[in-house]
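One structure below.
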Amino acid sequence: MLAAGIGIPVLAALNASLGRTIGAPAAASVVLFAVALISALVVVLITGPAAIANVASAPKHLLFAGVLIAFYVLTITYIAPHFGIGNAVFFVLLGQLISAALIDHFGLFGALQTPLTLTRATGIAVMAAGVFLTQITGRA
């Protein structure tokens with residue numbers, strides 16, 4: 001997960017740069033998804049393509065994750081060049097902390113239910129403050 005976290009700002013910077021280079025952030029996102037689809041297909045072919053048949057019987061609301069990733073990629077590709085990668089990722093991380101705490105607290109989408117205690121909320125607030133400090137100290 002650390003590697004995935006490292007990849008998020010790299011993805012944002014690369015795709016924002018591609019969007020600027022080709023003059024179309026939305027087209028850059030389409031290219032990103034095409035490369036991602038091919039990459040994921042290779043992994044599925046290696047690990048077991050039979051599971052794809054099970055998608056038809058999955059609850060349809062679970063497919064909304066695709067809309068969310070498209071929203072993320074499109075917005076980060078448009079916003080990052082104007083707002084800065086650090087600022088954009090700061091707000092992404094803040095949103096992730098908030099939504100992860102809510103998902104865990106209520107056990108949404110089948111997640112393991114972990115109550116939001118005062119200690120946990122304080123930890124999340126400290127993490128958010130830390131991310132905030134990394135952004136303001138670089139500008140002072």
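The values are calculated or read from the model by the stated rules, or taken from the named source; none is laboratory data. Since the structure is predicted, the reported quantities are computational estimates derived from the model, not experimental observations. No Cβ is skipped: glycine too gets one built from the backbone with ideal geometry, and neighbour counts run over all protein chains shown. Protein only, heavy atoms only, side chains kept; ligands, DNA and RNA dropped before computing areas. Shrake-Rupley method; radii C 1.70, N 1.55, O 1.52, S 1.80 Å.
Please pick out the residue among Thr117, Thr77, Thr47, Thr122 that is touching a Ser or Thr at 6+ places or on another chain (Cβ under 6 Å) and of a type in the set (Val, Ile, Thr).
On the way: Thr117 fails: touching a Ser or Thr at 6+ places or on another chain (Cβ under 6 Å); Thr47 fails: touching a Ser or Thr at 6+ places or on another chain (Cβ under 6 Å); Thr122 fails: touching a Ser or Thr at 6+ places or on another chain (Cβ under 6 Å).
Within the list Thr117, Thr77, Thr47, Thr122, the selection yields Thr77.
Remark: pairs (first residue in the range 68-88, closer than 19 Å to Thr21 by Cβ; second residue surrounded by 18 or more Cβ atoms within 10 Å (Cβ to Cβ) and hydroxyl-bearing (Ser, Thr, Tyr); Cβ separation under 8 Å; 6+ apart in sequence or on different chains) = Val73/Ser29; Leu74/Ser29; Thr77/Ser29. Restricting the range 14-68 to residues that are open to solvent by 60 Å² or more (accessible area, probe 1.4 Å) and not in a helix (DSSP H, G or I) leaves a set whose member that is nearest to Val92 (Cα to Cα) is Gly23.
If I filter the range 109-117 for residues that are closer than 27 Å to Val10 by Cα, assigned to a helix (DSSP H, G or I) and not aromatic (Phe, Trp, Tyr), do I get at least one hit? Step through it out loud before you land on a result.
Our first condition is that a residue be closer than 27 Å to Val10 by Cα; within the range 109-117, this holds for none.
There is no residue in the range 109-117 that is closer than 27 Å to Val10 by Cα, assigned to a helix (DSSP H, G or I) and not aromatic (Phe, Trp, Tyr).
With respect to being within 28 Å of Gly110 (Cβ to Cβ) and of a type in the set (S, T, N, Q), Ser39 fits the description.
Going residue by residue through the range 127-135, is there one that turns out to be among the small types (Gly, Ala, Ser) and touching a Ser or Thr at 6+ places or on another chain (Cβ under 6 Å)? Looking for residues that are among the small types (Gly, Ala, Ser) and touching a Ser or Thr at 6+ places or on another chain (Cβ under 6 Å), one finds none in the range 127-135, hence no.
Taking Ile103, is it of a type outside the set (Phe, Trp, Tyr) and in contact (Cβ under 8 Å) with a residue 24 or more places away in the chain?
Values: of a type outside the set (Phe, Trp, Tyr): yes; in contact (Cβ under 8 Å) with a residue 24 or more places away in the chain: no.
Taking the combined requirement at face value, the residue does not satisfy it.
Within the range 107-127, being hydrophobic (A, V, I, L, M, F, W, C) and either more than 21 Å from the chain's Cα centre (by Cα) or loosely packed, with under 12 Cβ neighbours inside 10 Å (or both) holds for Leu108, Phe109, Leu112, Leu116, Leu118, Ala121, Ala125, Val126.
Pairs are defined by a Cβ separation below 7 Å, a sequence spacing of at least 6 or placement on different chains, a first member in the range 11-40 that is farther than 14 Å from Ile79 by Cα, and a second member that is surrounded by 14 or more Cβ atoms within 10 Å (Cβ to Cβ); the pairs so defined are Ile22/Ala28; Val31/Leu18; Leu32/Asn15; Leu32/Val73.
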